[in-house]
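Input: a single structure, listed below in C-alpha cells.
Nothing in this text is a laboratory measurement; each read-out follows from the coordinates by a stated rule. Please read these numbers as outputs of a predicted model, since none were measured by experiment. Cβ atoms come from the backbone with ideal geometry, glycine included; neighbour counts cover every protein chain shown.
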Amino acid sequence: MSREIVEALRVMEQEKGISFNVLLAALEDALLSAYKKTPDAVEHARVVIDPDDGQIRIYQLILPERPAALVEAEATAGAGGEDTGAGEATPAEAEEEAEFDLSMYDESEIEKVLIETPDDFGRIAAQTAKQVIFQRIREAERDMMYDEYAGRVGEIVTGIVQQSDQRYTLVDLGKVEALLPESEQVEHERYDHGSRIKAVIVDVREHTKGPQVIVSRRSEELIRKLFELEVPEVADGLVVIRNVAREPGYRSKIAVESKEEGIDPVGACVGPRGSRVRMVVSELRGEKIDIIPFNEEPARFVAKALSPAMVREVLVDDEEKSATVVVPDDQLSLAIGKEGQNARLANKLTGWRIDIKSESQMAEEEAAMVFSDEEAEELAGRCCALTKGGKRCPNAALPGSKYCGIPAHQKLAEEETEAEAVAAPAAAAGEGQADEAGAAETGAGADEAGAAGSEETNETRAAKSGS
C-alpha cells in the first residue's frame, strides 16, 4: 500500500460523503482480516495505516492473562445469574470470547510489538481487503441514508414513478427508492411509469438493502405541506393551518388562522383569482378544498365549517361537546352533503358532534314537545322569548319581568308594555260607549211604553162617554 490508497480514500470521502476516518478504519479492519488468513499469523494483531503516507504497520498484541472486566462479569453472573439451559456458554467459552473482545481490556494493559509484514501479503490480501472495504462502504452509506431520511418524516418529497401495481408503487427519490403502499394510495389515482408525483414521508425503516422509505398520498400532512409550498404566508408562519379534515380524492376542509393583524387567512390561501389553491387542487388531481376561518367561539366555527351551506342558528352543549345546527329547509341537503360527507368533514374539523336540522323540523319538534311537571316548573322562571329555531330562551327572567336581560329580549318586554298601554284606554273607551248605548236603549223603551199607555187611556175615555 502507498500514498495512492490514502488519496483514493479522500476522493471517496468527497464522492460518497463518508468520513475519511470511517473509510480508514474499514480498510484497517479489512487488512487485518486478510492478514489473519495468511500462514504464521499471530493470534492477536492490529493493522495501522498512516493517514499521511499510507504506510501499513502490523502490531502483535500481547494481552494480560485475565482481564479485570472478565472477572467482574463472572462475579456479577455468579451473584445474580441463573442457569439458562443448554444454550448458555461454558466459562471456558466465555473467557475465550472475552479474550477476542479488545474492549474488555484497557489500552494501557495491551502491549504492542511491531512485526514484519508477510512476504505473501499481496494479491489475496488485496482482494479480501477490497471486498471488505466495499461492504463497509455500503454499510456506511445505508447508515447515512437512514439517518438522513429518519429525520425527514413529515416532509414532502418529489419523485418519479418507477413501478406500479395493485400492491405498491416504487417512487425514485434520487438517492433511494421510496415505497408507496396500497394503503397510502388515493383511490382512483393512477401512477403511470415516469410520472412525477409529490408525497409525504410517513415512516423510515431499516432494511438490509438500505433504508426503506414509506411515503403517502392519503396523509393529511400532505395538504399542509402543499399549502406551505404555494402560500408564502403559511411558510413564514403568518398564517397557521389549525386543523385538516380530509377524505382523500374527494374533499378536504382546512381551518386557517392569521397571526398578523391585517392578513386575511382565507384570502392568502386562495390567492389572486384562486391561483394558489388551484395549484394545490391540481397536485391532488381535482380534490375539492374548503378553506374555513378558524374561530375560538365553537358556534361560529361550527357554522363556518358547514360551508358552503348557510346556517341560521347553532345551539351548543359545552358539556357534551355537541352542537345542533338549524339551517333553512332548502339548505339541509347541502349542509349534510353527498352521503353525509360535508357533515363528517365538519365534525372532524371542529371536533364537535354536529346534528343538522331544518327550520321546519325544529319547529315540529318544539311543537310536539311535552314538558313534565319538573320541566314546566323549571321553564316557569325562564325568559319567555323564543329563538329563531323556536326554542325557549335558556336564560332566567329578570325579577318582575317575563324576559331576561338580553337587549333584544328586553325590547320585546318594552313592546308588550307599550301595547298594553295603548290597549288599556281603548278598552276603557269601549266600555263607556257600551254603557251609553244601553242607557239610550232603556230611555227609548220607556218613551214607547208611555205613549202606548196614553193612547190606551184616550180610547178608554171615549168608550165611556159613548156609553
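Report the calculated FRET efficiency for E364 and V186 (r = Cβ-Cβ distance, R0 = 30 Å), to the nearest 0.05. Mind showing how you got there, number by number?
Details: r = 42 Å, r/R0 = 1.39.
Between E364 and V186 the formula returns 0.10.
Around D236, under 10 Å between beta carbons, what's the net of Lys plus Arg minus Asp minus Glu among the other residues? If you can, show how the numbers build up before the last one.
Numbers: positive: K259; negative: E228, E233, E260.
So the surrounding residues net to -2.
How much length, in nm to one decimal, is gained on full extension between E141 and E415, taken as 0.36 nm per residue of separation minus their Cα-Cα distance?
Extra length from E141 to E415 when fully extended: 90.3 nm.
7 Å from Cα along Cα→Cβ at both E247 and A8: what's the point-to-point distance in nm?
It is 6.3 nm.
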